[in-house]
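Reading through the structure tokens given below for one structure.
The values are calculated or read from the model by the stated rules, or taken from the named source; none is laboratory data. What you see is a predicted model; the values in this text were computed from it and never measured. Using ideal geometry, Cβ is built from the backbone for each residue, glycine included, and neighbour counts are taken over all protein chains shown. Remember, those area values only see protein heavy atoms, side chains included, never the ligands or the DNA or RNA. Shrake-Rupley method; radii C 1.70, N 1.55, O 1.52, S 1.80 Å.
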Amino acid sequence: MSTSVGTPNWASKTIWTGDNLYIMRGMNSASVDLIYLDPPFNSKANYAAPIGSMAAGAAFKDTWTLTDIDVEWINLIEQKHPQLYRVLLAAMTKSDKSYLVYMAARLLEMKRLMREGGSIYLHCDSTMSHYLKAVMDAIFGRKQFQAHINWKRTFAHNDRLFSATSDHILWYCKPGRPTRNSRNVKVPFSPDELAEKYPYNDNRGRHRRDNLMGPGTTAGESGKSWRGCDPTDYGRCWSAPRTGEYAKYLNGKFLPGYLEIPGVHDRLDALDDAGFIYWTSTVYRY
């Protein structure tokens, strides 16, 4: 194994074939920003590429049997990674344990490869997602869990009450300063989605109407009547945007100084005076 840390010892856009465990062992530590893996799912099935396709002849067995090598891995994990060892002991069957040992060995190597703040995305389905979540908690730390992403891969079917229509992606980060602003991942709306979610359009752009009242009542200013409308009558309180991206957007584009307005009612005054509040016929206006 190369001992250089932080510098990739491979060329960009390189493609390897073969077991990734042995390939990763030759890669420098802390040299990868992002890992996405689509491993076997422990589906108890065998797969082969269709005849006539470019991958014809390729076969893949997704059935697992506990071997002597797996047992040696378990013994090694027990010595060096006791938390991970306890997760492996929770496997329901020997086949599940064999699969988790296979995954654990490779995830430990991936953690070594990741830079501080790097991200790893593990693609799986409901067969082993709960076990893999526990394995990744043990390896990366529960606090490093970022999100459980549901990937809808097909439409629901009417032949089953709860159809399996989604895969899962488990996202973890390695401790440290993020190498990229990975939380700023955004997928643009299609024109149809945009029109559906933001049906109103004027000279300020496309928008939607939402409720300026938040859940619950309060004795503070946000619970007091404003311009003839008492939020307590609705079992709610005023929730004029004060922080976050929308408040910054208002401040930067339409209402300079908005972020410096301290009072809830003062912020509501500023929004209403600028025409940002739509009064419905069911709400009494002053």
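Quick notes on this one:
- Straight-distance crosslink candidates among lysines, where the alpha carbon sits under 20 Å from K248 and sequence neighbours closer than 8 are dropped: K186
- Each label point was placed 7 Å from the Cα along the Cα-to-Cβ direction; for D192 and D210 their separation is 2.5 nm.
- By a 1.4 Å probe calculation restricted to protein chains, R25 has an accessible surface near 90 Å², given to the nearest 10.
- For K94, the solvent-accessible surface with a 1.4 Å probe is about 150 Å², rounded to the nearest 10.
- Each Lys and Arg Cβ is given +1 and each Asp and Glu Cβ -1; about its Cα centre, the chain then shows a dipole of about 400 debye.
- Inter-label distance, nm, simple model (7 Å from Cα along the C-beta direction), D62/E260: 5.9 nm
- Solvent-accessible ranking of R206, R115, R267, largest area first, probe 1.4 Å: R206, R115, R267
- Overall, the accessible surface of the chain at a probe of 1.4 angstrom is composed of carbon and sulfur to the extent of 54 percent.
- Eligible lysines near K61 by straight Cα distance, threshold 27 Å, same-chain separation 8 or greater: K44, K94, K97, K111, K133, K152
- Per-residue ellipticity at 222 nm from helix content only, as computed over the chain with -39500 (n - 2.57) for each DSSP H run of at least four residues, stands at -9000 deg cm²/dmol.
- Largest GNM mean-square fluctuation among A147, A90, A240, using the chain with Cα springs under 10 Å: A240.
- Helix screen, the chain: DSSP H segments with Cα axial length of 15 Å or more and mean Kyte-Doolittle hydropathy at least 0.0 are 129-140.
- Label positions at R25 and R227, each projected 7 Å from the Cα along the C-beta direction, are separated by 7.0 nm.
- Rounded to the nearest 10 Å², the accessible area of D68 at probe 1.4 Å: 130 Å²
- Accessible-area rank, largest first, for W64, W238, W10: W10, W64, W238, with all protein chains present and a 1.4 angstrom probe.
- Per residue solvent-accessible surface (Å²) - region 198-249, probe of 1.4 Å: 67 Å²
- Region 59-98 - accessible surface per residue (Å², probe 1.4 Å): 69 Å²
- Of [x] 55, 27, 19; [y] 50, 24, 21; [z] 30, 23, 19, the label for semi-axes √(5λ) of the Cα gyration tensor in Å derived from the coordinates: [y]
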